[in-house]
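Remarks on the structure that follows.
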Amino acid sequence: MNDAAERKLALSHLWVAFIAFILACFMGEYQVLERSGLISALDSPSVYFASVSTHGVLMAFVLTTFFIMGFGYYIAATSLKQPVWNKPLAWGAFWLALFGVVLAAIPLLTGKASVLYTFYPPIVAHAAFYIGATLLVVGSWVWCVIMLVMFVQWKKAKPGQPVPLAMFATAMNALLWLWTSAGVALEVLFQLIPLSLGWIDTVDPGLARTLFAWTLHPIVYFWLIPAYTAFYVFVPKQAGGFLFSDEMARLAFIVLAVFALPIGFHHLYMDPEQAKGWKLLHGIGTFVVALPTLVTGFTVIASLEIAGRLRGGKGLFGWIGSLPWTNTMVLAVILSLLMLIFGGFGGIVNASYAMNAMIHNTAWVPGHFHLIFAGTTVIMYFAIAYYLWPMLVKKPLFSESMALVQLWTWFIGMSILTTPWHVLGLLGQPRRISSVVYNNLLTLSWKPYELMMILGGLILLGSACLFIYNLAKTQLSPASEAFDRQIEFAEPIHAVESLPEWLNDFKPWNKVIAVLMAISFGYPILQFFFMNTSGSSAWGF
């Protein structure tokens, strides 16, 4: 297959993702500097919140969406060994999403959309922000359709054969995104856009927060599934071994989608609109969704152990030292799992009602999601880029050693940045504030941790610059006709010749998801249409 068109499509998406990423990194360092109060010239609440909002949108929506689309297109083409279906439609979705990003950026950068990356009325942004965000999501929906069409076409062409694991995971992520993005889409289309345009005078914030909770937690798994995909389909091969279990990997992706979607009320524990019974139901579901993470951790570590022992590792832990630590994919997965362990612990605290009350709306919360997202997930985005970039541009990576340094510095910087956040949360520092200089004994105890965060941010910014520099130098280096590396997918230690349909298709699971979503969100949403609730008028820009 001549994949030049697919490579161009993937590269275009990935460059948009990583340009958004580096811009967001510079904003992040400004934010920790401004919060510290060390440089009085930086003190500006309006600039700070505009920066925080833009940083959040670039990282959580632009980086992730464009990366996942570009990665998905290339995974689909290479794993199925067929061209991307309807490339003109794929390019149309790219330009539509990019136009939406530019449209949303205008009010963000001019301070007219300083609502963070969340959608919580009655604080309302300029209508252009919501319309731009909507176009970005619509573009991603087109990607979902293309992925699912390719999935179905392959199954029809090869009935009874197992769908390649990489494509199974990618299509599952497309299905998950269609389900989870529906919540925020309903909120934006029927509440926020009409309110920001002045078509309606008031909205119900409780309904808005409930709809956003529909999206707020499962979106994390939309971000995370590409990292898990790399765990299963790239890491074992790069480590020099085999995947421990193909079936277990598929089960992990299924359970991840089925149980991650019908939860989200742990974000509403302190809100009065939902009864404690519904919060308990969602809380139990939040703990259940830890199961696929444990399965993934076990399978990946088992795969690494197989590789380590094949490479000569002896004894109980000797296989660890035998792993190829100088391979960027292997190093990244080890560092990613370390951050996942600590980030997952923070998630358990967030999901526990009593402990959530202690850290709710404190600095603990951004510490947790930065460790999970910017740590566990983004470091695997780096590894995927390092692995795929030579194939996409047909040139060897500019510097493998620079890539290793970049991964280590990202891990170190993220550890230094997020640890103080967790401590500050326990010390009572609120989140969503532009200054921590209150001049009392409690806030004086915050100061050393603020200084640590500045150091961590500087290390992360330097690491991010190394990443972009390495990719750019790779793409701009002279062409090498002799270079022709091909993508390699890990093979399971036991070959999979056939699978039960429930491990090879989404139809039964889509029905299960529909039932669970109706149970978890049906009454909690419908109640707002039968209660006499007072509306709130817009406040903001």
Here the qualifying pairs (Cβ atoms under 6 Å; residues six or more apart or on different chains; first in the stretch 428-451 and surrounded by 15 or more Cβ atoms within 10 Å (Cβ to Cβ) and of a type outside the set (Lys, Arg); second in a helix (DSSP H, G or I) and modelled with pLDDT of 85 or more) come out as Ser434/Pro45; Ser434/Tyr48; Trp446/Leu424; Tyr449/Pro420; Tyr449/Val423; Tyr449/Leu424
Counting only helices (runs of 4 or more DSSP H) wholly inside the stretch 24-111, the ones holding at least 1 residues that are within 25 Å of Ala4 (Cβ to Cβ) and of a type in the set (Ser, Thr, Tyr) are 64-80
(request) Please work out if Trp214 is closer than 18 Å to Phe119 by Cα, touching a residue at least 40 places away in the same chain (Cβ under 8 Å) and of a type in the set (Phe, Trp, Tyr). (result) yes
Counting only residues that are touching a helix residue (DSSP H, G or I) at 6+ places or on another chain (Cβ under 7 Å) and in a helix (DSSP H, G or I), the stretch 260-278 contains a total of 5
Exactly one of Val300, Val295 is buried (at least 19 other Cβ atoms within 10 Å of the Cβ), in a helix (DSSP H, G or I) and among the aliphatic types (A, V, I, L, M), and that one is Val300
All conditions in (1) more than 30 Å from Arg485 (Cα to Cα); (2) of a type in the set (S, T, N, Q); (3) touching a residue at least 24 places away in the same chain (Cβ under 8 Å) are true of Ser12 except (1)
Criterion first (in contact (Cβ under 8 Å) with a residue 40 or more places away in the chain, surrounded by 23 or more Cβ atoms within 10 Å (Cβ to Cβ), in contact with a helix residue (DSSP H, G or I) (Cβ under 6 Å, 6 or more places away or on another chain) and under 30 Å from Glu247 (Cβ atoms)) does Ala104 satisfy it? no
Pairing a residue in the stretch 278-293 that is under 26 Å from Leu526 (Cα atoms) with any residue that is among the small types (Gly, Ala, Ser), where Cβ atoms lie under 7 Å and the two sit 6 or more apart in sequence or on different chains, gives Leu281/Ser520; His282/Gly264; His282/Ser520; Gly283/Ala351; Thr286/Ala351; Phe287/Ala351; Val289/Ala260
Looking at the structure I just gave you, is Ala17 touching a Gly at 6+ places or on another chain (Cβ under 6 Å) and crowded, with 16+ Cβ neighbours inside 10 Å? no
Pairing a residue in the stretch 394-406 that is within 9 Å of Asn470 (Cβ to Cβ) with any residue that is of a type in the set (Ser, Thr, Tyr) and not in a helix (DSSP H, G or I), where Cβ atoms lie under 7 Å and the two sit 6 or more apart in sequence or on different chains, gives Phe398/Ser477
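Here's the yes/no breakdown for (1) of a type in the set (A, V, I, L, M, F, W, C); (2) outside any helix (DSSP H, G or I); (3) under 18 Å from the mean Cα position of the chain (by Cα):
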site: Thr326; (1), (2), (3): no, yes, no
site: Ala332; (1), (2), (3): yes, no, yes
site: Leu337; (1), (2), (3): yes, no, yes
site: Gly344; (1), (2), (3): no, no, yes
site: Ile348; (1), (2), (3): yes, no, no
site: Phe373; (1), (2), (3): yes, no, yes
site: Thr376; (1), (2), (3): no, no, yes
site: Phe382; (1), (2), (3): yes, no, yes
site: Tyr387; (1), (2), (3): no, no, no
Result of the Cβ filter at 8 Å on the stretch 459-470, keeping first residues that are farther than 11 Å from Val405 by Cα and partners that are of a type in the set (D, E, K, R), at least 6 apart or interchain, is Leu460/Glu29; Leu461/Glu29
For the stretch 182-212 the number of residues that are within 24 Å of Met517 (Cα to Cα) and either among the acidic types (Asp, Glu) or touching a Cys at 6+ places or on another chain (Cβ under 9 Å) (or both) is 2
Heads up, the helices (runs of 4 or more DSSP H) in the stretch 123-226 (entirely inside) with at least 1 residues that are under 28 Å from Tyr381 (Cβ atoms) are 127-157, 165-187, 205-216
For the stretch 64-92, the count of residues that are surrounded by 22 or more Cβ atoms within 10 Å (Cβ to Cβ) and without any contact (Cβ under 8 Å) to a residue 60 or more places away in the chain equals 1
Scanning the stretch 485-526 residue by residue, those outside any helix (DSSP H, G or I) and surrounded by fewer than 11 Cβ atoms within 10 Å (Cβ to Cβ) turn out to be Gln486, Ala495, Glu497, Ser498, Pro500
Picking from Leu211, Leu197, Leu176, the residue that is surrounded by fewer than 20 Cβ atoms within 10 Å (Cβ to Cβ), touching a helix residue (DSSP H, G or I) at 6+ places or on another chain (Cβ under 9 Å) and of a type in the set (A, V, I, L, M, F, W, C) would be Leu197
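The values are calculated or read from the model by the stated rules, or taken from the named source; none is laboratory data. All figures in this text were calculated on a predicted structure; none of them were measured in a lab. All Cβ positions, glycine included, derive from the backbone under ideal geometry; neighbour counts span all protein chains shown.
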